[in-house]
Amino acid sequence: MASSFDSDERFFQLLHRAVEAGASDIHLKVGQPPAVRIRGDVVYFKTDRLTPEDTFAIAHHIAGERQQLERIAEWDTSYLLPTGQRFRTNIYRQRATLAIVMRIIPSKIPTFEDLGLLPVYRTLAEKERGIVLVVGASGNGKSTSLASMIADLNARKPLHIVTIEDPIEYIHEDNYSSISQREIGTDTQTFGGALRAALRQDPDVIMVGEIRDEDTMDTALKAAETGHLVLSTLHTPDVARTVGRILALSPSADINELRDRISQNLQGIIAQRLLPKKDNSGVVLAAEILVASGTVRESIRRPDGNPTLKELMERGASPYGMQTFEMHVRGMLQAGLVDRETAKNALAI
């Protein structure tokens with residue numbers, strides 16, 4: 001059966017409508033109309049429900065090869081409109097049909113000021129070596145924050161920056177820095193393999209889209225140990241669980257040796273949550289920030305008998321710029337940026 005989405009025009013119209021509506025994401029699933037996420041809420045277009053033929057046709061526009069779609073389970077890729085608008089796209093199978101979620105990538109890389117990033121983001125991005133992690137659940141702006149950090153370096157410093165992404169989201173044009181962007185599946189096969197190769201590409205900064213396994217974590221630590229700055233993400237909700245996740249990624253390692261390596265090479269962890277603003281005008285960034293001071297390194301190396309990372313963040317507002325989620329959210333509540341219910345829900349996670 002034919003689909004109205006067989007034509008480029010209908011598909012392009014859908015994407016343009018979503019962009020014009022100020023959506024962050026587009027949801028396409030059989031049995032429901034196309035939907036978009038606007039200011040945190042999923043809103044459905046007033047149009048026909050999608051059929052299996054519709055989602056297959058849309059996936060075909062994105063993927064290009066029908067044969068590949070027949071055997072796909074899930075696939076991350078990027079999509080570019082003729083206008084230059086980019087989308088990060090995930091195609092997946094549910095109830096034996098294809099579904100698609102498309103994240104709309106702003107054509108302009110947001111600045112620190114646009115995103116409300118605190119000065120400590122710049123401080124950490126300017127480290128000469130080590131590992132900086134930006135963590136949080138999906139949809140909380142990790143990739144955008146990393147892109148802004150790289151763009152800030154690019155505007156000011158003569159560096160070679162290598163990014164390893166799945167897929168490439170923001171396009172960086174060379175300014176003061178030279179930026180090499182590599183996409184998994186197109187330019188390289190795995191994060192770990194690309195990270196090992198990057199060490200032979202004379203980088204100053206390496207951005208790894210996500211640390212997913214022991215191999216990538218171990219190679220990231222080796223890159224830091226050999227004098228490189230590694231920026232990356234993990235899908236963890238806060239600082240304490242990020243350290244736990246790093247340890248869990250390497251079950252075969254000697255735990256004391258691994259804690260020592262982390263304590264020596266970690267420069268900081270920023271955990272992010274996007275919260276709806278009180279006036280419903282958008283979202284605001286809440287951040288938990290750990291900076292690897294001497295006492296933080298000792299607490300990671302020997303957690304028993306030392307202050308917890310939460311206690312150190314509470315004490316480290318000055319001079320390090322550290323803070324817990326509780327500190328930041330309470331401040332936003334007092335400033336009238338979020339309402340009491342939002343603050344309560346954010347701190348209950």
**OP:** Search region 304-338 for residues being in contact (Cβ under 8 Å) with a residue 24 or more places away in the chain and surrounded by fewer than 15 Cβ atoms within 10 Å (Cβ to Cβ), and hand back the single one that is nearest to Lys277 (Cα to Cα).
**Re:** Gly336
Subject >> Index of the failed condition, Val135 passing every other in (1) free of Cβ contacts under 8 Å to residues at least 40 places away in the same chain; (2) crowded, with 20+ Cβ neighbours inside 10 Å >> reply: (1)
**OP:** Check off (1) under 14 Å from the mean Cα position of the chain (by Cα); (2) at negative phi; (3) modelled with pLDDT under 95 for Pro82 and give me the number that stays unchecked.
**Re:** (1)
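Listed residues Arg86, Arg49, Arg71; which is assigned by TED's automatic domain parsing to the domain that holds Arg17, basic (Lys, Arg) and over 26 Å from Glu20 (Cα atoms)?
Numbers: Arg86 fails: over 26 Å from Glu20 (Cα atoms); Arg49 fails: over 26 Å from Glu20 (Cα atoms).
Step by step, each of Arg86, Arg49, Arg71 is checked, and only Arg71 is assigned by TED's automatic domain parsing to the domain that holds Arg17, basic (Lys, Arg) and over 26 Å from Glu20 (Cα atoms).
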Original post:
Limited to region 36-79, what total is found for residues that are closer than 21 Å to Ser4 by Cα, at pLDDT below 90 and under 23 Å from the mean Cα position of the chain (by Cα)?
Top reply: 1
**OP:** Could you list all residues from region 241-262 that are aliphatic (A, V, I, L, M) and either surrounded by 19 or more Cβ atoms within 10 Å (Cβ to Cβ) or over 24 Å from the mean Cα position of the chain (by Cα) (or both)?
**Re:** Val243, Ile246, Ala253, Ile255, Leu258, Ile262
Subject >> Exclusive hit being assigned to a loop (DSSP other than H, G, I, E, B), of a type in the set (A, V, I, L, M) and within 23 Å of Thr111 (Cα to Cα), set Leu337, Leu274 >> reply: Leu337
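Here are Ile300, Ile269, Ile262: which of them is in contact (Cβ under 8 Å) with a residue 24 or more places away in the chain and within 13 Å of Asp238 (Cα to Cα)? Walk me through it before giving the result.
Details: Ile300 fails: within 13 Å of Asp238 (Cα to Cα); Ile262 fails: within 13 Å of Asp238 (Cα to Cα).
From the options Ile300, Ile269, Ile262, the qualifying one is Ile269.
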Original post:
In region 172-192, is there at least one residue being part of a helix (DSSP H, G or I), over 13 Å from the mean Cα position of the chain (by Cα) and over 17 Å from Pro110 (Cα atoms)?
Top reply: yes
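The values are calculated or read from the model by the stated rules, or taken from the named source; none is laboratory data. Model, not experiment: these values are computed from the prediction. Cβ sites come from the backbone with ideal geometry, for glycine too, and all protein chains shown count toward neighbours.
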